[in-house]
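Input: a single structure, listed below in structure tokens.
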Amino acid sequence: TINTPSMLCVEDYLDALSWMENIGGLDATIARANENSNLLYDWIAKTPWLEPLAADPATRSTTAVCMRLSDPDVLARGEAASLAFTQAMVRLLESEKAGFDLGSYRGVPPGFRIWTGATVERADLAALIPWLEWAYAAVKAKKASSR
């Protein structure tokens, strides 16, 4: 049919609404997203090589945490080198199957974006943090040894 939504899409939508209802409704999904994003924002605040992309906490997303690289040693080499650094981290994380599609979008400073919506388990985000730290240290060591 033309201009008619797929019944699979409708069923998927109904399944999502049922899931939301089962975990406590809209308030519960908002709370989950807030807890997830707070976990990452709290980690970013303690991480010297990252900062939130949105400087003003009032404009930060609770469903897609975006962060920029802030390591002065890497940034001093220029935007192309900074982008190459974050891309190397993303490739390393993907090769270890620790995280996928984490790179920042084109047109924003080199960094990362991580989905933190209600469908993400907080424990999975907590497990990702050491992988991000490991990838940063590995790429930093490799770049230092290649100079």
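The values are calculated or read from the model by the stated rules, or taken from the named source; none is laboratory data. Treat the numbers as computed from the prediction; the structure is a model and nothing was measured. With ideal geometry, Cβ positions are generated from the backbone for all residues, glycine too; neighbour counts draw on all protein chains shown. The protein model used for the area step is the full one, side chains on, heavy atoms only, and it has no ligands, DNA or RNA in it. Shrake-Rupley method; radii C 1.70, N 1.55, O 1.52, S 1.80 Å.
Listing for the model above:
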item	result
Residue pairs meeting the criteria (Cβ under 8 Å; at least 6 apart or on separate chains; first in contact (Cβ under 8 Å) with a residue 12 or more places away in the chain and closer than 12 Å to Trp134 by Cα, in the stretch 88-100; second in a loop (DSSP other than H, G, I, E, B) and open to solvent by 20 Å² or more (accessible area, probe 1.4 Å))	Leu93/Phe100
Members of the stretch 106-147 that are open to solvent by less than 50 Å² (accessible area, probe 1.4 Å) and not in a helix (DSSP H, G or I)	Pro109, Pro110, Gly111, Phe112, Arg113, Ile114, Thr116, Gly117, Ala118, Val120
Residue within the stretch 59-71 that is within 18 Å of the chain's Cα centre (by Cα), open to solvent by 80 Å² or more (accessible area, probe 1.4 Å) and more than 30 Å from Ala138 (Cα to Cα) present	yes
Residue match in the stretch 50-71 (condition: out of contact with any helix residue (DSSP H, G or I) (no Cβ under 7 Å at 6 or more places or on another chain) and more than 30 Å from Ile30 (Cα to Cα))	yes
Meets criteria (in contact (Cβ under 8 Å) with a residue 60 or more places away in the chain, open to solvent by less than 80 Å² (accessible area, probe 1.4 Å) and not in a loop (DSSP other than H, G, I, E, B)) for Val74	yes
